[in-house]
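The values are calculated or read from the model by the stated rules, or taken from the named source; none is laboratory data. Note that the coordinates shown come from a computational prediction; the quantities given were computed from them, not determined experimentally. Cβ placement follows ideal geometry from the backbone for every residue including glycine, while neighbour counts extend to all protein chains displayed.
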Amino acid sequence: MTTDKPIKNIAVIGATGSIGTQTLDIAARHPGLYRPVALTAGSRVDELVRLARIHRPRLAVIADESRYRDLCRELEPLGIECAAGADAIAEAAALPEVDMTVTATVGYSGLLPTVKAIEAGKEIALANKETLVVAGAFIEQLLAESPSKIYPVDSEHSAIYQCLKGEDPSAVSRLYITASGGPFRTWQRERIASAKASDALKHPNWSMGAKITIDSATMMNKAFELIEARWLFGIDASRLSAVVHPQSIVHSMVEFSDGGIKAQLGVPDMHLPIAYALGCATRLPGAERPLSLADLSELTFEKPDAERFPCLTLADVALRRGGNSACVINAANEIAVAAYLRDRIGFYDIYRIICETLDRCDFIASPGLSDYIQTNQTAREIAGSLL
Ligand code: NDP
Ligand code: MG
């Protein structure tokens, strides 16, 4: 494609994951627009090497320091600089030549790279919702003091961003975050209680990493998205609602003061929201799969059921309590989900472990970065002891 826009250098934090690889797909399709200059991964060194051979970044970083030598052996002969460890990943997010940082790592590990990218004034395509869950108030404050801007990748938040474009913010009365309802939407509570990770990993509409797929089954993902919307759009929790929409065609909606509702529709495919964020809320040509409206038989909406999916109620708990509560919830959830994925605990143990961890952790009303780091550590230890 021909364009007069300068090439944008991107750092892809979590390049080997579901969002990371789709981001690199889009960059490869538009070589005149995007140049990946830094790629990072957690521990899958072979996958990072494979992607670095294709996309030829200047820097490749692996979180797991024990894999550093393997990385160097493969990539240094190609002239690609290598590094390892969480600090090196945070530095990669803020390299001087980076224009945009794509934070596509999973869980708490997204926080420090995003903080560094904001401090360095980068544009940010934010997939890692846990950053805003863990430390929303702190990130809001950092953004107020930085030229940095966040473009949401999460499909619901991208939809809301698209609906808000050109609108008067004071005319917004409610944000509706849609939820597919996950694989257990129609199951009875008793059946859900004995569901295994292999059942929960069968998401009906979206293909995603394992952690977010379990979060979708418990609806913790929707609770996180309500918290994410609170901080992204600066809207009070009382004006945020989740609504179940099993077809995942309406990606979210905004209601205005005159009663009008705007929605964004599309096939369930992350390429669109990723590309929209990469373009800083502009549109790239070349739809992955256009939506065929004539083939849609129905679009339905229903109330979420907090009885069968109690994790959904944790958004309200976190936003009402504030402080470090959401950081505790996120940490406990990460530990519980990892245990559930290994079939060590049952489905509803995830909610129980989060609530018990929340009861046992000290409350901090106005946490700074070091408090979030400490809270994350303590909450993980407590949750681990409850497994
Ligand atoms: P994946 O599990 O597919 O990928 C996670 C990425 O993070 C991988 O590159 C992984 O490396 C890396 N990683 C894992 N642990 C660490 C660590 N401790 N330190 C550094 N890097 C690490 O996740 P997804 O792509 O599904 O999700 C990424 C984020 O985007 C999540 O926050 C999720 O909630 C959000 N999101 C995802 C959507 C999706 O469709 N997938 C939709 C909306 C939001 P390695 O491969 O080596 O393990
Ligand atoms: Mg989402």
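Some values worked out for this structure:
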| read-out | value |
| --- | --- |
| Enumerated strands (runs of 3 or more DSSP E) restricted to the range 65-165, each holding at least 3 residues that are on the phi < 0 side of the Ramachandran plot and in contact (Cβ under 8 Å) with a residue 60 or more places away in the chain | 100-103, 123-126, 149-152 |
| Selection count, the range 113-135, where residues are under 14 Å from the mean Cα position of the chain (by Cα) and more than 16 Å from ligand 2 (Cβ to nearest atom) | 5 |
| Filter result for the condition that a residue is away from ligand 2 (no atom under 16 Å from the Cβ), on the phi > 0 side of the Ramachandran plot and modelled with pLDDT of 95 or more, over R56, R44 | R56 |
| The range 216-258, residues that are of a type outside the set (A, V, I, L, M, F, W, C), more than 17 Å from D316 (Cβ to Cβ) and in contact (Cβ under 8 Å) with a residue 40 or more places away in the chain | G234, H245, P246, Q247, S248, H251, S252, E255, S257, D258 |
| Single residue of A15, A11, A27 found to be part of a loop (DSSP other than H, G, I, E, B), more than 16 Å from ligand 2 (Cβ to nearest atom) and surrounded by 13 or more Cβ atoms within 10 Å (Cβ to Cβ) | A15 |
| Residue in the range 335-358 that is surrounded by the fewest Cβ atoms within 10 Å (Cβ to Cβ), counting only those that are in contact (Cβ under 8 Å) with a residue 60 or more places away in the chain and touching an Asp or Glu at 6+ places or on another chain (Cβ under 8 Å) | Y340 |
| Neighbours by Cβ (under 7 Å, 6+ apart or cross-chain): first from the range 175-192, under 30 Å from G260 (Cβ atoms); second in a helix (DSSP H, G or I) and among the charged types (D, E, K, R) | L175/R239; I177/E156; I177/K222; I177/E225; T178/E156; A179/K222 |
| Selection from the range 201-215 of residues that are within 12 Å of the chain's Cα centre (by Cα) and either more than 11 Å from ligand 2 (Cβ to nearest atom) or without any contact (Cβ under 8 Å) to a residue 40 or more places away in the chain (or both) | G209, K211, T213 |
| Residue pairs meeting the criteria (Cβ under 6 Å; at least 6 apart or on separate chains; first touching a residue at least 24 places away in the same chain (Cβ under 8 Å), in the range 293-305; second surrounded by 12 or more Cβ atoms within 10 Å (Cβ to Cβ) and not in a loop (DSSP other than H, G, I, E, B)) | F301/V243; E302/V244; P304/A242; P304/V244; P304/L312 |
| One residue from P246, P268 being crowded, with 19+ Cβ neighbours inside 10 Å, in a loop (DSSP other than H, G, I, E, B) and at negative phi | P246 |
